[in-house]
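Report on the following structure.
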Amino acid sequence: MKISSAEFVISNSDVAKCPKEKLPEYAFIGRSNVGKSSLINMLTNRKSLAKTSGRPGKTQLINHFIINKTWFLVDLPGYGYARVSKSAKKVFQKFITAYFSKRTQLVSAFVLVDCRHEPQKIDLEFMQWLGENQIPFSIIFTKADKLSKNKLPVQINNYIQTMLQYWEEMPNYFITSSSSGMGKDEVLNYIEDINNQLKNSQ
Ligand code: GTP
Ligand code: MG
């Protein structure tokens, strides 16, 4: 898919105030600092469409971006960041849960995980929750540039083995790097295919 336009629409913490347009929507979620905002910038070829930071906890709201004037991409706050206060965490959790439960436009979530880390309980539990709530998702492994060519497949395979303890099949997944652009075409083509299927079924 060619990105001809990518514009910020609105930020808020209330799912009821998210854009009303019935356009297909894809949300990026995962632990703080995993690279959600960076991936959005990489996919859209914009340096600072979504705000990024080396300090976890940068994105604190539901951020809608409209792409090619036909679909929404959503940047969400990270979960599981220890330095955010317990009460702030609860607020995040509340509106993230509300977003996923109520946003009927949502076509699929992308759950981002850092390919360098062993599977984390919080990610596994979040995917479990998506499954229980019948919310489709793919996994996006981030920061692939930080692992050697040999180590990368070992880590991914390790993750798959863990997933298979909980899931009958490995969910759809992508291996990406926002620094090198790895995985960009695969993610964008995946979204384009779904958008085309939705258009044809209307
Ligand atoms: P929150 O908004 O705090 O939840 O974080 P986030 O998931 O949006 O992460 P963000 O995109 O802000 O990136 C966090 C840090 O990781 C930044 O310093 C990025 O430059 C770095 N980073 C993100 N993606 C990559 C990547 O693919 N490769 C490398 N080397 N660094 C990355
Ligand atoms: Mg962010």
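Candidates are the residues of segment 162-183 that are within 16 Å of ligand 1 (Cβ to nearest atom) and open to solvent by less than 60 Å² (accessible area, probe 1.4 Å); the one that is farthest from Phe110 (Cα to Cα) is Gly181. Restricting Phe126, Phe174, Phe110 to residues that are in a helix (DSSP H, G or I) and aromatic (Phe, Trp, Tyr) narrows the list to Phe126. Listed by first and then second residue, the pairs with beta-carbon distance under 9 Å, at least 6 apart or on different chains, first residue in segment 47-61 and open to solvent by 70 Å² or more (accessible area, probe 1.4 Å) and at pLDDT below 85, second of a type in the set (A, V, I, L, M) and more than 10 Å from ligand 2 (Cβ to nearest atom), are Gln60/Val84; Gln60/Ala88. Within segment 46-70, restricting attention to residues that are assigned to a strand (DSSP E or B) and more than 15 Å from the chain's Cα centre (by Cα), the residue that is farthest from Lys17 (Cα to Cα) is Ile67. Considering segment 62-79, and only residues there that are in contact with an Asp or Glu (Cβ under 8 Å, 6 or more places away or on another chain) and open to solvent by 10 Å² or more (accessible area, probe 1.4 Å), the residue that is modelled with the highest pLDDT turns out to be Ile66.
Among the criteria (1) outside any strand (DSSP E or B); (2) away from ligand 2 (no atom under 13 Å from the Cβ), the one Ile40 does not fulfil is (2). Taken together, the residues in segment 11-26 that are of a type in the set (A, V, I, L, M, F, W, C) and part of a helix (DSSP H, G or I) amount to 2.
Can you spot a residue in segment 36-45 that is without any contact (Cβ under 8 Å) to a residue 24 or more places away in the chain and open to solvent by 70 Å² or more (accessible area, probe 1.4 Å)? No, the conditions are met nowhere in segment 36-45. Inclusion of Ser32 among residues that are in contact with a Gly (Cβ under 8 Å, 6 or more places away or on another chain), closer than 20 Å to Ala109 by Cβ and within 13 Å of ligand 2 (Cβ to nearest atom) is warranted.
Can we say Ile160 is in a helix (DSSP H, G or I) and at pLDDT below 95? No: the conditions fail for Ile160.
The values are calculated or read from the model by the stated rules, or taken from the named source; none is laboratory data. Remember, it's a predicted structure, so these values are computed and weren't measured experimentally. Backbone-built Cβ (ideal geometry, glycine too); neighbour counts: all protein chains shown. For the accessible areas, the whole protein counts, side chains as well, though only heavy atoms, and no ligand, DNA or RNA atoms are used. Shrake-Rupley method; radii C 1.70, N 1.55, O 1.52, S 1.80 Å.
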